[in-house]
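One structure is given here, and the rest of the page talks about it.
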Amino acid sequence: MKLRVRLLLIALCLLGAGSAQAAASQTLTIGIFPRWPEARVQRMFAPIADYLGEQLNRPVRVLSAPDFAAFWDLVRSGQLDLVHYNQYHYIKAHQRFGHRVILKNQEFGRDRIRAAILVPADSSATRISDLRGHKILFGGGRSAMVSYILARQVLQQHGLGPDDYLSAFSTTPVGAVRDMFFGQGDAAGIGDVILQRRDNPWRRLERPAPRVLALSQPIPQLPWAVTPRVNRDTALRIQAALLALNNTPKGQHLLRLAGLSGLRTAQDAEYDPAREIVHQVLGEAY
């Protein structure tokens with residue numbers, strides 16, 4: 001009887017070791033939403049994925065998509081483990097799929113972001129009401145939290161409903177500004193961090209900086225969340241490894257490559273203001 005018990009314990013230990021080894025070799029997939037063109041997303045975040053793979057002792061890969069709609073299809077597919085997306089995608093995925101936020105961006109030293117309504121420097125518009133009847137470009141489509149949903153709230157607060165202007169969409173927020181400079185729209189809705197980037201569209205195009213007609217209220221920066229595929233222990237390891245990037249020269253270099261000045265812990269309740277804005281603008285409850 002003792003021999004049977006001993007053999008059973010040995011078998012269980014071997015099974016546990018095999019399961020742990022299999023988990024360690026399983027690829028962890030990070031989904032990065034298309035705030036930038038897909039090829040650029042890979043260049044920005046692949047170094048962080050390589051670092052995370054070293055910390056977790058398992059392969060880590062980055063997936064993105066050409067646009068916001070395709071990215072949401074990727075989120076729904078259930079093949080992601082860690083997801084970096086906008087606030088709207090997060091609150092929706094939290095309710096529908098059980099995603100759990102663990103981190104948020106810090107950009108240019110701030111962990112909050114605002115929507116900005118821009119016009120070209122030579123535009124005759126000096127206030128939001130001057131955009132009545134004009135075409136406004138929104139980057140990322142109808143699921144872009146900052147450059148569309150939050151920007152629409154700004155317009156509403158200044159007396160412009162969705163029927164008071166023409167809406168058009170560019171693939172990314174940066175694309176909305178670029179398209180505005182090419183005369184495809186009279187104004188653009190973006191996240192205010194683009195105003196501070198050295199590689200923003202007007203610098204690349206050697207154009208005068210656009211004017212900001214209005215800014216929204218600030219909301220928490222872009223979230224990072226784990227999906228139900230990730231257990232609590234692994235989620236804590238991922239969180240600790242990514243937070244450690246803040247504390248070393250190498251880590252800070254990797255963050256800069258990704259356009260970040262840091263990463264901060266985040267809680268679901270921080271995104272309640274985003275839920276209120278989405279409900280007000282789109283009529284959706286999350």
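In region 179-286, which helices (runs of 4 or more DSSP H) lie fully inside it and hold 3 or more residues that are surrounded by fewer than 17 Cβ atoms within 10 Å (Cβ to Cβ)?
Values: elements: 201-204, 232-243, 249-257, 272-282.
Those helices (runs of 4 or more DSSP H) span 232-243, 249-257, 272-282.
Out of all the residues in region 45-84, which are in contact with a Pro (Cβ under 7 Å, 6 or more places away or on another chain) and part of a loop (DSSP other than H, G, I, E, B)?
Scanning region 45-84 gives Ser64, Ala65, Pro66, Asp67.
Considering region 152-199, and only residues there that are under 18 Å from the mean Cα position of the chain (by Cα) and polar (S, T, N, Q), the residue that is modelled with the highest pLDDT turns out to be Ser170. Taking the criterion of being buried (at least 23 other Cβ atoms within 10 Å of the Cβ) and of a type in the set (Lys, Arg), the residues of region 97-156 that qualify are Lys104, Arg152.
Within region 79-92, residues that are of a type in the set (A, V, I, L, M, F, W, C) reach partners that are part of a strand (DSSP E or B) with beta carbons closer than 6 Å, at six or more positions or on different chains, in the pairs Leu80/Thr29; Leu80/Gly31; Leu82/Ile30; Leu82/Val226; Val83/Gly31; Val83/Ala225. For region 158-174, residues that are touching a strand residue (DSSP E or B) at 6+ places or on another chain (Cβ under 8 Å) and either in a helix (DSSP H, G or I) or closer than 16 Å to Leu215 by Cα (or both) total 3. Within region 59-77, the residues that satisfy the criterion of being in contact with a helix residue (DSSP H, G or I) (Cβ under 8 Å, 6 or more places away or on another chain) and more than 23 Å from Arg275 (Cβ to Cβ) are Pro59, Val60, Arg61, Val62, Leu63, Ser64, Ala65, Pro66.
The values are calculated or read from the model by the stated rules, or taken from the named source; none is laboratory data. Treat the numbers as computed from the prediction; the structure is a model and nothing was measured. We place every Cβ from the backbone using ideal geometry, glycine too, and count neighbours over all the protein chains shown.
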